[in-house]
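Working notes, structure below.
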Amino acid sequence: MVRVQTADIEEKVKEIIEPWKGKKGSLIPILQNVQHEFGYLREDVMEVISRELRIPMAEAYGVATFYAQFHLKPRGRHVIRVCRGTACHVRGSLKILDRVKETLNVGEHETTDDLRFTLEPVACLGACGLAPVVMIDDTTYGRLTPEGIKPILDKYE
Amino acid sequence: MALYRAHVLVCRGTGCTASGSGPLYETFRKELARRGLDKEVMLVETGCHGMCEMGPIVVVYPEGSFYCRVKPEDVPELVEEHLYKGRILQRLLYTTPDVEKIKIPHYRDIPFYGKQRRIVLRNCGYINPDNIEEYIARDGYQALAKVLLELPAEETLDIVKKSGLRGRGGAGFPTGRKWEFARMAPGDKKYIVCNADEGDPGAFMDRSVLEGDPHSVVEGMLIGAYIIGSDEGYIYCRAEYPLAIKRLNTAIEQAEELGLIGDNIMGTDFSFHLHIKEGAGAFVCGEETALMASIEGKRGMPNPRPPFPANSGLWGKPTNINNVETWANIPQIILNGAEWFSSVGTETSKGTKIFALTGKVNNTGLVEAPMGMTLREVIFDIGGGIPNNKKFKAVQLGGPSGGCLPESMLDTPVDYESINATGAIMGSGGMVVTDEDTCIVDFAKFFLTFVQNESCGKCPFCRIGTKRMLEILERICEGKGKLEDLDLLEDLAQKVKDGSLCALGGTAPNPVQTTIKYFRDEYIAHIVDKKCPAKVCTALIHYTIDPDKCIGCTRCARECPVQAISGEVKKPHLIDQDLCIKCGRCMAVCPVKAISVE
């Protein structure tokens, strides 16, 4: 059973890599697509990428760990991005972040035990006019107050 | 082509979308259809108007009526009144934030827009960014035609040089000269790149241009490519901007369909192909050599210059990199001429600059102002001043590595040289306004935390020096600072600047240096008096309940997350200072304002 699964994964990764083979600068888009497929960059997946692109594992991991976008651990079903940019900071985003942590009992860059949420403070979401801002998956919530956090989180399963 | 008697423009920029303009657009569509107005009134999704605070924004033409914070439930009334009966719906008009509360019916009369000069943002909010024909109708791709079919390449380059346009990404290098270097560089394969890795917290001008008028950037790049002799280009855009990426993809597809991108453009022998690269979340990739490393699929770490990208850039080929706003200026300069462009601005800084005006200011949003306008005009005339009768404290210019300027510097004109002279930088154009509630030491600590996190780690001074500086600031905020710490900070700041390869380290100490220079008193208050004047640094403040005012309603005790408040019902409550985490929630919920912070 496990073996079949592994073979499936390898097949899928190869399929993602195929159109990029021989093209310049393909490692980052491949990592992006693979992560999109599996949710995070598993070790076995990284092995396949390294083998297929004929690059050392260290190079693949070097890139994967350099960028904030890539994750080596499983992610929650929903990602909460609490904006900690300057405009949001001035308008009280630290209190928003603290309230999210307290409500979900989760730390920064961590995932809740039930895999419901991952909490990611981010530098700026570019919606400064609505500060303070939180983005859950692709939905942006602006002009927030700490009191407004719980009703929003409750909307997500 | 169908003719419409009125146009309803619904803003679908990121700000307004977050405020709910998606459902609003749908409601308009249904309501217009229900009333049989859909053949007479055209509904358009536009990019950002810049006044995100007032979103969702709806503009109705031909009158140019500007409606703010429109909700789906307002739609039937708005359609009935404005589009059926021809009466402007007063209650949704923009109202001035001052005491007079004047309602302003027309877009052009709103003070926020009155003092602006929109060259780069001229199409944002007017056209549907997903429709190339609307861009073409506003003279789109005319400049490209002029460059390809009429002007000799030298003449085009001359126009760009004479216009005095300087790089809008922050450094302000003359664009024409940059192009000339790349044009002169030997090599048959050359690249051009658009830097859309807008990582500065508090800046969103590039995002709005890409979302509101993507073709202006594409056209600018085509012109640049032709002059330099490049047949391939990249737009490096943050993955955090999904809408901008979507609109760019649509723009490129549509331009390809019309033969404006591809082989033998407009029947000439000029061919050009354009790709989008999504950034993966690293602030340092806004630095051009790091950006190119990232496009190449490597860790985005800066490299020493020279060699400059103009000679050895992407994959070792001559490469020209410009920022989104710079590219978007090009078509207008070609169409209207160098003299027209250089008539706007100051002696050394020509044209306009877009600022992201945010923080404690009434009209937050995007502002495009002629260079040379003073900070005071931008913040108080366009921005409408500070909300809630608070006092202005500082404006932070140029992103996390910019500087904080006090009230006394507000008459500084906004141009590259004047801003640099204050110790701040123009940067990408972020302008964050703070009021008396912001602690300046905490603010400096905030910026340093950011650059410390984003340092790529290549240069020891940037990697370790900023860390040590941060520790000193943390010490000061905890009331454990010494006066010598200020000298140490200043000394380290200079060394980090001198010892770093790229602009990230080279400018990282700016917030610390400018705050020590202009707000030394506040540092001293933290160090000597052990007080935080803005009441932000938790180690230096404590909350107390005034027993004479407290009515014993128990709300604070119930709200307190650490059960630090005790007291009987209808009797004065007390805060246990040892348990209190100073979150301030008790003060926020107290109905009689009996809780104060000192």
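The figures follow:
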| item | result |
| --- | --- |
| Lone unmet requirement of (1) out of contact with any Gly (no Cβ under 7 Å at 6 or more places or on another chain); (2) more than 7 Å from chain B (Cβ to nearest Cβ) for residue A:126 | (2) |
| Any chance residue B:290 is under 27 Å from residue B:506 (Cα atoms), of a type in the set (A, V, I, L, M), assigned to a loop (DSSP other than H, G, I, E, B) and within 14 Å of chain A (Cβ to nearest Cβ) | no |
| Single condition residue B:198 does not satisfy, out of (1) buried (at least 23 other Cβ atoms within 10 Å of the Cβ); (2) away from every other protein chain (no Cβ under 14 Å) | (2) |
| Members of region B:423-440 found to be more than 10 Å from chain A (Cβ to nearest Cβ) and polar (S, T, N, Q), listed by number | B:428 |
| Among (1) surrounded by fewer than 24 Cβ atoms within 10 Å (Cβ to Cβ); (2) away from every other protein chain (no Cβ under 14 Å) - the single one residue B:169 does not satisfy | (1) |
| Within region A:55-101, considering residues that are under 10 Å from the mean Cα position of the chain (by Cα) and in a strand (DSSP E or B), the one nearest to the other protein chains (Cβ to nearest Cβ) | A:81 |
| Only one of A:23, A:14 that is in a helix (DSSP H, G or I), among the basic types (Lys, Arg) and surrounded by fewer than 21 Cβ atoms within 10 Å (Cβ to Cβ) | A:14 |
| Sole exception among (1) of a type outside the set (Asp, Glu); (2) more than 14 Å from chain A (Cβ to nearest Cβ); (3) surrounded by fewer than 20 Cβ atoms within 10 Å (Cβ to Cβ); (4) out of contact with any strand residue (DSSP E or B) (no Cβ under 7 Å at 6 or more places or on another chain) for residue B:387, by number | (2) |
| Hits in region B:527-540 (condition: closer than 27 Å to residue A:102 by Cβ, surrounded by fewer than 17 Cβ atoms within 10 Å (Cβ to Cβ) and of a type outside the set (Ser, Thr, Tyr)) | B:539 |
| Helices (runs of 4 or more DSSP H) lying entirely in region B:156-249 (those with 1 or more residues that are within 16 Å of the chain's Cα centre (by Cα)) | B:205-212 |
| Members of region B:396-406 found to be at pLDDT below 95 and either of a type in the set (A, V, I, L, M) or surrounded by fewer than 19 Cβ atoms within 10 Å (Cβ to Cβ) (or both), listed by number | B:397 |
| Flag for residue B:464 being in contact (Cβ under 8 Å) with a residue 12 or more places away in the chain, hydrophobic (A, V, I, L, M, F, W, C) and either surrounded by 20 or more Cβ atoms within 10 Å (Cβ to Cβ) or more than 14 Å from chain A (Cβ to nearest Cβ) (or both) | no |
| Only listed residue being touching a residue at least 12 places away in the same chain (Cβ under 8 Å), β-branched (Val, Ile, Thr), out of contact with any Leu (no Cβ under 7 Å at 6 or more places or on another chain) and under 27 Å from residue B:407 (Cα atoms), chosen from B:536, B:512 | B:536 |
| Every residue from region B:467-490 that is in contact (Cβ under 8 Å) with a residue 24 or more places away in the chain, of a type in the set (A, V, I, L, M) and not in a loop (DSSP other than H, G, I, E, B) | B:469, B:470, B:473, B:476, B:486, B:489 |
| Region B:114-138: number of residues that are under 17 Å from the mean Cα position of the chain (by Cα) and crowded, with 23+ Cβ neighbours inside 10 Å | 4 |
| Test for residue B:366: is it among the aliphatic types (A, V, I, L, M) and modelled with pLDDT under 95 | yes |
| Residue in region B:325-337 that is surrounded by fewer than 24 Cβ atoms within 10 Å (Cβ to Cβ), in contact (Cβ under 8 Å) with a residue 24 or more places away in the chain and under 19 Å from residue B:185 (Cα atoms) present | no |
| Residues satisfying the stated conditions in region B:444-456, i.e. within 9 Å of chain A (Cβ to nearest Cβ) and in a loop (DSSP other than H, G, I, E, B) | B:456 |
| Residues of region B:478-522 satisfying the condition of being over 21 Å from residue B:452 (Cα atoms) and under 31 Å from the mean Cα position of the chain (by Cα) | B:517, B:518, B:519, B:520, B:521, B:522 |
| Helices (runs of 4 or more DSSP H) contained entirely in region B:1-97, each with at least 2 residues that are more than 14 Å from chain A (Cβ to nearest Cβ) | B:21-34, B:75-78 |
| Matching entry among A:76, A:107 (being farther than 28 Å from residue B:295 by Cβ and surrounded by fewer than 17 Cβ atoms within 10 Å (Cβ to Cβ)) | A:107 |
| Check on residue B:320, within 25 Å of the chain's Cα centre (by Cα) and over 27 Å from residue B:201 (Cβ atoms) | yes |
| Matching residues in region B:190-248 - criterion: being farther than 23 Å from residue B:118 by Cβ and among the hydroxyl-bearing types (Ser, Thr, Tyr) | B:191, B:226, B:230, B:234, B:236 |
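The values are calculated or read from the model by the stated rules, or taken from the named source; none is laboratory data. These figures come from a predicted structure and were not determined experimentally. Neighbour counts run over all protein chains shown; Cβ positions are idealised from the backbone, glycine included.
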